[in-house]
1. With the condition kept exactly as written, say whether any residue in the stretch B:136-145 is under 26 Å from B:ALA55 (Cα atoms), within 16 Å of the ligand (Cβ to nearest atom) and within 7 Å of chain A (Cβ to nearest Cβ).
2. Show me the helices (runs of 4 or more DSSP H) entirely contained within the stretch A:90-175 in which 2 or more residues are among the β-branched types (Val, Ile, Thr) and within 15 Å of the ligand (Cβ to nearest atom).
3. Would you check if A:THR39 is in contact with a Gly (Cβ under 9 Å, 6 or more places away or on another chain) and hydroxyl-bearing (Ser, Thr, Tyr)?
4. From (1) open to solvent by 40 Å² or more (accessible area, probe 1.4 Å); (2) under 21 Å from the mean Cα position of the chain (by Cα), pick out the condition that doesn't hold for A:LEU208.
5. Could you please give the count of residues in the stretch A:305-330 that are more than 7 Å from chain B (Cβ to nearest Cβ) and either over 17 Å from B:PHE149 (Cα atoms) or open to solvent by 80 Å² or more (accessible area, probe 1.4 Å) (or both)?
6. Say we look at the stretch A:153-181 and pick out the residues that are among the small types (Gly, Ala, Ser) and within 23 Å of the chain's Cα centre (by Cα); which of these is modelled with the highest pLDDT?
7. Any residue at all in the stretch B:52-75 that is touching a Cys at 6+ places or on another chain (Cβ under 9 Å), more than 16 Å from the ligand (Cβ to nearest atom) and either assigned to a helix (DSSP H, G or I) or open to solvent by 20 Å² or more (accessible area, probe 1.4 Å) (or both)?
8. Quick one: what pairs do we get from the stretch B:443-456, first residue open to solvent by less than 40 Å² (accessible area, probe 1.4 Å), second of a type in the set (Phe, Trp, Tyr), C-beta under 9 Å, 6+ apart or different chains?
Amino acid sequence: MSLFTGLDGAGGYLLLLVVTFAMHALLIGFVLGAAAWATMRAVRGGDDVVAAAARDWLPFALGAAITAGVAPLLLVQVLYQHRMYTATLLLSHRFMAIVPALIAGFYLLYLGKTARVAAWGRARRAAVSGAALAAFVFVAWTWIEEHTLAAAAPEVWVAHYRDGRLVHGDPVIAQRLVVWLGLAAAAFAVGAAWLTRRRAEATDLRRLGVVGLGGLLVAAGGVIAIDRGGSASVPAPGMTWLALAAVAHAVAALGFAALVTDRARLGRGLATGGVIVLFVAVSAVREASRAARIEWRSTLVGAQGVFLFLGFLAISLAAIVWCARMVRAHLGSEPPART
Amino acid sequence: MEPTAYPVNDFGPAMRGMVIGAVGILHVFLAQFAIGGGFVMTYFQWLAGRGVPDARRFLDSFFTYLVLISFVTGAMTGVAMWLTTIQVGPRTIGLMVDEFHWIWATEWCCFTVEIVAGYMFLRFGARLPDRVRLRLLAIYSLASFGSLFWVNGILSWQLTPGAWVGSGDVWAGFFNPSFWPSLLYRTAVASTLGALAAIAIINAMDLDRARKHALIARAARLLVPMAAMPLLGLWFVAVIPADSRAWLTGGSVAMSMFLALAAGASLLLGAYAVVGIWWRRMFVSGATAALLLALAFGATAAGEFVREGARKPYTIRQVLFSNAIAPGEVARLRRDGSVTGDPYPLRDAGRYPTEQLALGARVVRLQCLACHTMKGANALVHLGGGWSIEQLRLNIAKLQQTKAFMPPFAGPASEVEAVAQLIRWEASGAPRQWPVSDDPAVLAQIAGWLDAAGTSATPPQVRKP
Ligand code: HEM
């Protein structure tokens, strides 16, 4: 909590950044995990409830994840403008490649839902979701690369520019990716457990529990690797959040363990709470380690329009809730048909 | 670090303006179509609720998918737009973010609602009663119009910052002089695009001619705002700065041509809509609708070109020149040198036989590459390579008088000389040997020209159309 105070007014922005980025990361996690599950299922042949739900919800989840990504995109520009811009300029085409990758991934997801592709053989079906997965991992890698380069010293930038490089190589990038992919598995396990709650059989839930546990383990391993590499210096305000992340990690692990041992309701509840808090806490730790670099420009203090935004935020939330309730009331609780 | 010190990328033979233009036109077209498509769907849903035959069938046709595909790609190209804007003008977008981030955050709220309502309709629409469908579509349309409303204020502010310049008041900047004409203009375009695409789809539907005709006549109602476009265009031209207007009306041939194209295309479309479809109830074939859509695309492209071009020599009028130098910084840069604080070395430093030429290359990179290339589009070598060295010195020192849509040169005499030498050197085929020019008399003469030209952009009243 002390992370958000004593920043001359930047704290509110930082809080919004932490929350919206956590939302982005959760949804992205679901997308990565769902694409991986769909690919695995296609490789092994046959179908299952979880794979069907994954394919069904992937396009919407990606749309929502991207939309959620726009908010941190704005806030990062407010808080770390010069660094963010410099990194994207230095990576240039390499960075911009995420746009065609995302468009391609998006349409592959839609393709993966069609009846025509469902009738295809294993190899071709696996290729469709595998290619989408590869595109998303590429995008994740790129954002981490951007983040790492933005945090680098100006001398690194100058050398990067002088040599005309397009890629920023740093071992921490792969380690961070491992953390995110692990967390993605956990986010997906939770999301899928909800989406299939009426249809999933005990084996499905057990598998999701295993995926969640595995993801948490991998993420922890990634964090240890980063720590060993010496590039993880979490300043004081982040320590509280790190502790919270550890607790949430443990709660989520208990939840997944409950899923593995067939206690569905308890497992889903614990895992959901644990994973959500874990994402928020990780997002806060992530900001804590760069909050010292905020370029707070005096012009930003009292920038007009904040009440407009808060008003619209409330209206928008109300509109979304209203839409959801209206649709629910008229659909009853039957599972959704095709899109 | 210097606020201007961003690394500058080279886009090969293409100018930066072309890069942003290509993404921009595609994005604007898709986004406006997604908005207009929302209008069409809401209207047809309302008709369906009132029992108009085939209205629901039309909605469940390909059209819904078309709108939703375009709102997905519209969203993606929107992100692309943002990232491209950073690539071509970090300081410009940075300033816009500093000033308007809460407005953008508000736009984001609208956009989120648009995505959620749109997807709900796509996913569950077939199983919902008309009343709920209408509500979902109305929310989708309102939210997408909301996005347009908010972002339009920021974009129009770039050309006409209005009273914001003196007061720094965000609302004065947002509701700037060109806010209403451009909002209404874009709304009319959106409605037109939606209607035209609807007509094309209706043609492709499996219905007999009379039933198609009935649907087309309904869809054509959304073409009517088109008739107001010439008036809205005039209103827009009336509120933009005098010098921008002067180029549109003949000062720049390319600009006037594009304006004529935009105006002509929208006039044709509007006349056709009102006279042909609405009044005379003519039948519109799929081919005609496609042709009209192409015309509308042309009008959009030309309109965006005019909007981008009319801002020169600024990206944000009176605040930031196209090369990311602020008017208030020119005097200091003339004293201290424009590239002294730029930490980024040249990538091709080995090409230049002398320090002076390398300095010239750094100055060109900072001050000229926003609108020129060395040898590609709008190339400096083609424009000034045939001039004598004296001509080059004079014209570069008095840059804002050479062409009123260039900013003042923002460096000392030695930098003018370095750029002039660089252009001569490149025009001579980049020989391995090149003399250094450091005659104090020459430099003094250039300094005199710089002083005579002053540090401001050419004020509107002095500009010859
Ligand atoms: C499938 C698509 C995507 C994936 C897999 C993905 C993944 C990620 C990951 C792993 C990070 C964390 C980087 C780190 O901690 O070092 C991240 C950060 C971020 N992403 Fe995404 N992302 C995707 C799409 C997008 C899109 C479309 C946007 C923009 C609208 C976006 C905006 C952001 C922003 C602003 C950050 C924070 C960067 C920072 O803090 O410096 N992402 N993304």
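1. no
2. On the way: elements: A:98-113, A:115-118, A:122-151, A:154-162.
In the stretch A:90-175, the matching helices (runs of 4 or more DSSP H) lie at A:98-113, A:122-151.
3. Working: in contact with a Gly (Cβ under 9 Å, 6 or more places away or on another chain): yes; hydroxyl-bearing (Ser, Thr, Tyr): yes.
Considered against the rule, which asks whether it is in contact with a Gly (Cβ under 9 Å, 6 or more places away or on another chain) and hydroxyl-bearing (Ser, Thr, Tyr), A:THR39 comes out as yes.
4. Only one criterion in (1) open to solvent by 40 Å² or more (accessible area, probe 1.4 Å); (2) under 21 Å from the mean Cα position of the chain (by Cα) is unmet by A:LEU208, namely (1).
5. Within the stretch A:305-330, residues that are more than 7 Å from chain B (Cβ to nearest Cβ) and either over 17 Å from B:PHE149 (Cα atoms) or open to solvent by 80 Å² or more (accessible area, probe 1.4 Å) (or both) number 12.
6. The residue in question is A:ALA174.
7. Here is the first cut: in the stretch B:52-75, the residues touching a Cys at 6+ places or on another chain (Cβ under 9 Å) are none.
No: zero hits.
8. B:LEU450/B:PHE409; B:ALA453/B:PHE409
The values are calculated or read from the model by the stated rules, or taken from the named source; none is laboratory data. Remember, predicted model here, so these are calculated numbers, not experimental data. Here the Cβ is made from the backbone with ideal geometry for all residues, glycine too, and neighbour counts use every protein chain on show. Keep in mind that these areas ignore ligands, DNA and RNA; they rest on the heavy atoms of the full protein, side chains included. Shrake-Rupley method; radii C 1.70, N 1.55, O 1.52, S 1.80 Å.
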